[in-house]
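Dumping the structure here so I can ask a few things about it.
The values are calculated or read from the model by the stated rules, or taken from the named source; none is laboratory data. Only a predicted model underlies this, so the values are computations on that prediction, with no experimental measurement involved. As a convention, Cβ positions derive from the backbone with ideal geometry for all residues, glycine included, and neighbour counts pool all protein chains shown. Note: accessible area is taken over every heavy atom of the protein model, side chains too, but ligands, DNA and RNA are not part of it. Shrake-Rupley method; radii C 1.70, N 1.55, O 1.52, S 1.80 Å.
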Amino acid sequence: HTYSNVDSKLFNLRIGPNYKKNKQKAPSAPALYDLISMDFLYADAPLKQIGDKFRLPNIPGLTDISTGHSHIPPLLVVNTWLPGEEPSMFAKNTLEGETYSIPLVFVLSKDTLGQLQNLETASPGVKLWSEWCKRAEKEESFRGRFKCMGMIENIENTGVPKFIQGYNGKPALVTKSGTFHRHANYIEFSINVNMWAFLARKGLYTLTPTFPDFIFNVGFTIEARKDEEMPEVLLGGCRLLHLDTEKAVVDGVDDVEI
C-alpha cells in the first residue's frame with residue numbers, strides 16, 4: 001500500500017450560521033495536522049498503545065516543538081482497530097481477538113502553530129481543537145465529539161453493495177468506542193471498530209478482501225455545535241491506496257520505527 005496526506009477539500013464540513021436549521025456544509029480549510037507516517041499491523045489483539053510496538057518519529061523542529069499550550073501536543077496519533085475475524089451478531093469483540101491496527105501519526109502544521117501563538121485570534125476550528133485537547137481526557141461527552149469520515153473514490157464503480165454506498169463519506173461520531181491517552185508530546189486516540197454496531201462491523205469485514213482495489217480518503221474532525229465553533233475544520237487525514245490485508249505486518253517483532 002501507499003499513502004499520502006489527504007486533500008482536505010474533499011470533506012464537506014459544518015458551517016454556520018444556525019447549522020441545526022440550515023444544515024449547510026462546505027469544503028474544509030487545510031487540516032490542522034499533517035500526516036507523517038502510517039502503518040498496518042495484524043495481531044491476535046488490538047495495538048492498545050502505539051508505544052508498545054513502535055518508536056514514533058523524532059524530527060527536530062517538528063516533533064519536539066512547544067505549542068505554547070501544555071494541553072495541545074505537536075503530535076497526534078489516531079489508531080484505528082478493524083475486525084480481523086468475522087464479527088458475531090450476539091457479541092461485541094471489545095478488546096481482544098484478531099485485529100488490524102492502523103496507526104496514523106500527524107504533526108502540527110506551521111499554520112496551526114502560528115495560530116496557537118494567540119488563541120484569541122485563532123480560527124474557530126483551532127479554538128475547538130484546543131477545547132477538545134483540554135477536556136476530552138476527563139469528559140466523556142466532549143471526547144465523543146471526535147468524528148471520523150471514510151470515503152472510497154469512485155465507489156459506484158467498485159461493486160460495493162448499494163446499502164454500503166449510502167454511507168460513503170458520512171461522518172461517524174466516535175463515542176464509547178474511542179479511547180484517549182495523553183503522552184509527553186502526543187495525544188493518542190484509538191477507535192475500536194469492534195465496538196460498533198453489528199452491520200457496520202460486518203460491512204467492513206465483508207469488504208476487507210477487496211481493499212486492494214480501493215482508494216480510501218479518511219479524515220477526522222471535532223464536531224462543532226455552536227455558531228462560534230464553526231466552520232469545522234479537518235484535523236488530519238490520509239489518502240490510502242491499495243491496502244492489502246495479506247501484506248499487513250504480523251505482530252511478533254519487538255520495536256519498529258514508523
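Among the residues of the range 233-258, which ones are surrounded by fewer than 18 Cβ atoms within 10 Å (Cβ to Cβ) and modelled with pLDDT of 80 or more?
Once the filter is applied, which keeps residues that are surrounded by fewer than 18 Cβ atoms within 10 Å (Cβ to Cβ) and modelled with pLDDT of 80 or more, the range 233-258 yields 241, 242, 244, 245, 246, 247, 249, 250.
Hey, residue 117 hits all of (1) part of a helix (DSSP H, G or I); (2) free of Cβ contacts under 8 Å to residues at least 60 places away in the same chain; (3) not charged (D, E, K, R) but one; which does it fall short on?
Of (1) part of a helix (DSSP H, G or I); (2) free of Cβ contacts under 8 Å to residues at least 60 places away in the same chain; (3) not charged (D, E, K, R), only one is false for residue 117: (1).
Hey, another quick one. Return yes or no: is residue 76 in contact with a Ser or Thr (Cβ under 9 Å, 6 or more places away or on another chain), open to solvent by less than 10 Å² (accessible area, probe 1.4 Å) and either modelled with pLDDT of 95 or more or among the charged types (D, E, K, R) (or both)?
On the way: in contact with a Ser or Thr (Cβ under 9 Å, 6 or more places away or on another chain): no; open to solvent by less than 10 Å² (accessible area, probe 1.4 Å): yes; either modelled with pLDDT of 95 or more or among the charged types (D, E, K, R) (or both): yes.
Considered against the rule, which asks whether it is in contact with a Ser or Thr (Cβ under 9 Å, 6 or more places away or on another chain), open to solvent by less than 10 Å² (accessible area, probe 1.4 Å) and either modelled with pLDDT of 95 or more or among the charged types (D, E, K, R) (or both), residue 76 comes out as no.
Among the residues of the range 35-73, how many are surrounded by fewer than 16 Cβ atoms within 10 Å (Cβ to Cβ) and without any contact (Cβ under 8 Å) to a residue 60 or more places away in the chain?
Residues that pass the stated criteria total 9.
Name the residues in the range 161-197 that are open to solvent by 50 Å² or more (accessible area, probe 1.4 Å), among the polar types (S, T, N, Q) and outside any loop (DSSP other than H, G, I, E, B), would you?
If the condition is that a residue be open to solvent by 50 Å² or more (accessible area, probe 1.4 Å), among the polar types (S, T, N, Q) and outside any loop (DSSP other than H, G, I, E, B), then 179 is the only one that fits.
So residue 28 clears everything in (1) closer than 29 Å to residue 215 by Cα; (2) open to solvent by 20 Å² or more (accessible area, probe 1.4 Å); (3) in contact (Cβ under 8 Å) with a residue 12 or more places away in the chain except one condition, right? Which one?
Of everything listed in (1) closer than 29 Å to residue 215 by Cα; (2) open to solvent by 20 Å² or more (accessible area, probe 1.4 Å); (3) in contact (Cβ under 8 Å) with a residue 12 or more places away in the chain, residue 28 misses just condition (2).
Further, regarding this structure: Identify all residues within the range 144-160 that are in contact with a helix residue (DSSP H, G or I) (Cβ under 8 Å, 6 or more places away or on another chain) and part of a loop (DSSP other than H, G, I, E, B); write none if there are none. Talk me through it step by step, then tell me what you get.
So the first thing to find is which residues in the range 144-160 are in contact with a helix residue (DSSP H, G or I) (Cβ under 8 Å, 6 or more places away or on another chain), and the list is 145-146, 151, 155-156, 158-160.
Within the range 144-160, 145, 158, 159, 160 qualify.
Which residue is nearest to the chain's Cα centre (by Cα), if the candidates are limited to the range 23-73 and must be within 22 Å of residue 178 (Cα to Cα), among the charged types (D, E, K, R) and not in a strand (DSSP E or B)?
39
Can you tell me how many residues in the range 134-143 are assigned to a helix (DSSP H, G or I) and closer than 15 Å to residue 223 by Cβ?
Here the count works out to 5.
Residue 150 - would you say it is surrounded by fewer than 14 Cβ atoms within 10 Å (Cβ to Cβ) and out of contact with any His (no Cβ under 9 Å at 6 or more places or on another chain)?
Judged against the criteria, residue 150 is not a match.
Further question on the same structure: Are any of the residues in the range 224-232 at pLDDT below 95 and either farther than 27 Å from residue 23 by Cα or buried (at least 17 other Cβ atoms within 10 Å of the Cβ) (or both)?
Filtering the range 224-232 down to residues at pLDDT below 95 leaves none.
No, that holds for no residue.
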